[in-house]
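Colleague: Shown below is the structure under consideration.
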Amino acid sequence: MKMIMNNDQPNAIKLNAAELLAFGETIVDAWNQQDLEALKKIYGSNAAYFDPLLKKYIKGNAILAYAQGIFTAFPDLELKVISRASNVDLIMFERMQCGTNTGTMLGREATGRYIEIPAVSVLKMKEGQLISHTDYWDLKQLMMDLYR
């Protein structure tokens with residue numbers, strides 16, 4: 001069951017483990033399909049996002065602009081889920097983020113290099129709404145793989 005919830009419209013519901021995992025899969029699918037409209041609904045203006053390329057958590061349109069930048073840098077981006085877990089209001093994914101750098105990133109020209117970076121996503125929910133999405137991965141490994 002794939003779910004796209006509009007994060008700007010409160011649900012005030014509690015999701016069970018299967019629903020949490022389905023929602024997490026929806027997020028992965030939206031990133032893999034580079035679907036900015038789906039990402040806009042998922043994150044809305046309230047949910048916060050962070051990964052190692054960012055200096056702080058971002059929200060709303062900043063998430064969409066960031067995603068577009070990633071899609072430009074890695075047009076073939078694929079998040080390959082290895083394992084997943086959920087508990088109460090938490091969803092976690094272990095994954096590989098894969099893609100070929102064919103667009104500019106961090107002000108640097110494309111390298112044409114293919115990368116595979118292990119990552120973990122932690123999604124925090126409250127009353128059926130996504131409140132934060134934090135990605136953990138090794139920025140140093142990305143830089144070495146791209147610019148060695």
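Colleague: I'd like the projected area of region 17-147, averaged over all directions, using the convex hull of its alpha carbons. Report it in nm² with one decimal. Working shown, then result.
Modeller: Working: hull surface 28.8 nm².
Value for region 17-147: 7.2 nm².
Colleague: Given the Cα-Cα distance of Ile82 and Lys140 and 0.36 nm per residue of separation, how much length would full extension add, in nm? Could the numbers behind the result be given before it?
Modeller: Details: separation 58, 0.36 × 58 = 20.88 nm, distance 2.18 nm.
Length gained between Ile82 and Lys140: 18.7 nm.
Colleague: With Cβ to Cβ distances under 9 Å as the rule, what net charge do the other residues near Tyr114 carry (K, R +1; D, E -1)? Each step should come with its number before you reach the end.
Modeller: Details: positive: Arg113; negative: Asp76, Glu116, Asp145.
Taking every other residue near Tyr114 into account, the sum is -2.
Colleague: Which residue, Ala18, Ala73, Ala47, has the most motion in a Gaussian network model of the chain that connects Cα atoms within less than 10 Å?
Modeller: Ala18
Colleague: Shifting gears a bit: For a quick check, take a GNM of the chain with Cα springs below 10 Å and name the residue from Leu106, Leu123, Leu15 with the largest mean-square fluctuation.
Modeller: The residue with the greatest mean-square fluctuation here is Leu106.
Colleague: Hey, another quick one. Report the local net charge at Ile58: Lys and Arg +1, Asp and Glu -1, summed over other residues whose C-beta lies under 14 Å from its C-beta.
Modeller: Working: positive: Lys40, Lys55, Lys56, Lys59; negative: Asp51, Asp135.
Its environment carries a net charge of +2.
Colleague: Something else: Angle between the Cα long axis of helix 61-73 and the longest principal axis of the chain, 0 to 90 degrees, nearest 10?
Modeller: Approximately 40 degrees, to the nearest ten.
Colleague: Something else: Which ³J(HN,Hα) values in Hz, rounded to whole numbers, follow from the phi angles of region 16-29 under the Karplus curve 6.51 cos²θ - 1.76 cosθ + 1.60, where θ = phi - 60° and Gly and Pro get x?
Modeller: Computed from phi, the couplings for region 16-29 are 7, 4, 5, 5, 4, 5, 5, 5, x, 4, 4, 5, 4, 4 Hz.
Colleague: Straight distance only, please: which lysines reach the Cα of Lys40 with their own Cα at less than 24 Å, same-chain residues fewer than 8 apart left out?
Modeller: Lys2, Lys14, Lys55, Lys56, Lys59, Lys80, Lys124, Lys126
Read-outs throughout are calculated quantities, based only on the coordinates presented, and are distinct from any laboratory measurement. Everything numeric in this text was worked out from a predicted model, so none of it was measured. Because the Cβ atoms are built from the backbone with ideal geometry, glycine has one as well, and the counts that use them run over all protein chains shown.
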